[in-house]
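Inspection log for the structure reproduced underneath, given as structure tokens.
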Amino acid sequence: MEEGFRIIATGGTFDKLYDEIRGELTFKESHLPRILRQCRISDPVSLEIPLSVDSLLMNEDQRLAIAQCCVKSPQRRIIVVHGTDTMVRTANVVAQCDAPKDHVIVFTGAMVPYSLENSDAVFNLGCAFASSQLLPNGVYIAMSGRIFRYDQVEKNRTIGVFEGPSIRS
């Protein structure tokens with residue numbers, strides 16, 4: 001396995017921009033290169049952007065494509081930036097493939113786009129980086145400073161947080 005990290009960016013709120021002409025949130029290009037420079041990650045990072053889609057519009061073929069990106073990753077530590085609405089669903093698909101036996105795969109996203117004030121994107125990405133270095137092989141979700149197993153978490157849409165038993169050492 002190669003050293004460093006692989007980030008698989010799939011879109012979601014994390015990478016949305018406000019289009020003032022259309023008055024809606026859209027995708028243009030990923031914010032991740034800028035965020036990685038800002039965070040001064042010193043380990044090598046390979047960024048892969050197989051799609052940019054709102055997770056509510058993601059289909060099963062796209063979820064399987066994300067799983068294959070994880071399987072093929074030469075890096076052991078993988079961070080999947082994903083929309084929060086169906087993050088758990090995709091994490092379950094990835095957990096069923098061969099990747100978790102050889103990789104630490106941490107899903108993360110944002111409740112507020114990076115491009116808007118008060119975004120949680122950078123904090124969540126930082127938590128995903130840190131947790132991917134400390135956790136054993138498997139599939140996890142890192143949101144709001146908490147780490148969850150993929151199969152023991154759900155998004156509480158009423159208050160906008162992920163809930164379930166946190167991983168604790």
All but one of (1) more than 25 Å from Ser115 (Cβ to Cβ); (2) in contact with a Ser or Thr (Cβ under 6 Å, 6 or more places away or on another chain) hold for Ile49; state the number of the condition that does not hold. (1)
So which residues in the stretch 115-136 are touching a strand residue (DSSP E or B) at 6+ places or on another chain (Cβ under 9 Å), surrounded by 15 or more Cβ atoms within 10 Å (Cβ to Cβ), not small (Gly, Ala, Ser) and not in a loop (DSSP other than H, G, I, E, B), if there are any at all? Asn124, Leu125, Cys127, Phe129
Are any of the residues in the stretch 50-59 under 13 Å from the mean Cα position of the chain (by Cα), modelled with pLDDT under 95, over 17 Å from Asp98 (Cα atoms) and among the hydroxyl-bearing types (Ser, Thr, Tyr)? yes
Only listed residue being in contact with a Leu (Cβ under 9 Å, 6 or more places away or on another chain) and either modelled with pLDDT of 95 or more or of a type outside the set (A, V, I, L, M, F, W, C) (or both), chosen from Ile78, Ile141, Ile147: Ile147
Looking at the stretch 22-32, can you tell me whether even one residue there is in a helix (DSSP H, G or I) and modelled with pLDDT under 95? yes
Exactly one of Arg77, Arg89 is touching a strand residue (DSSP E or B) at 6+ places or on another chain (Cβ under 8 Å) and among the basic types (Lys, Arg), and that residue is Arg77
Is there a residue being in contact with a helix residue (DSSP H, G or I) (Cβ under 8 Å, 6 or more places away or on another chain), under 20 Å from Leu134 (Cα atoms), buried (at least 24 other Cβ atoms within 10 Å of the Cβ) and not hydrophobic (A, V, I, L, M, F, W, C) anywhere in the stretch 58-73? no
Set Gly126, Gly145: member being in contact (Cβ under 8 Å) with a residue 40 or more places away in the chain and under 18 Å from Phe14 (Cα atoms): Gly126
Any residue at all in the stretch 112-124 that is touching a Gly at 6+ places or on another chain (Cβ under 6 Å) and aromatic (Phe, Trp, Tyr)? no
When restricted to Ser52, Ser42, the only residue free of Cβ contacts under 8 Å to residues at least 60 places away in the same chain, of a type in the set (Gly, Ala, Ser), over 18 Å from Met143 (Cα atoms) and in contact with a Gly (Cβ under 6 Å, 6 or more places away or on another chain) is Ser52
Go through the stretch 37-77 and give me each residue that's among the aliphatic types (A, V, I, L, M) and part of a loop (DSSP other than H, G, I, E, B). Ile41, Ile49, Leu51, Met58
Quick test for you: out of Val139, Val93, Val88, pick the one residue that is free of Cβ contacts under 8 Å to residues at least 40 places away in the same chain and either farther than 13 Å from Thr10 by Cα or of a type in the set (Ser, Thr, Tyr) (or both). Val93
Quick check on this structure: which one of Val112, Val80, Val139, Val106 is of a type in the set (A, V, I, L, M, F, W, C), surrounded by fewer than 16 Cβ atoms within 10 Å (Cβ to Cβ) and not in a helix (DSSP H, G or I)? Val112
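The values are calculated or read from the model by the stated rules, or taken from the named source; none is laboratory data. Treat the numbers as computed from the prediction; the structure is a model and nothing was measured. With ideal geometry, Cβ positions are generated from the backbone for all residues, glycine too; neighbour counts draw on all protein chains shown.
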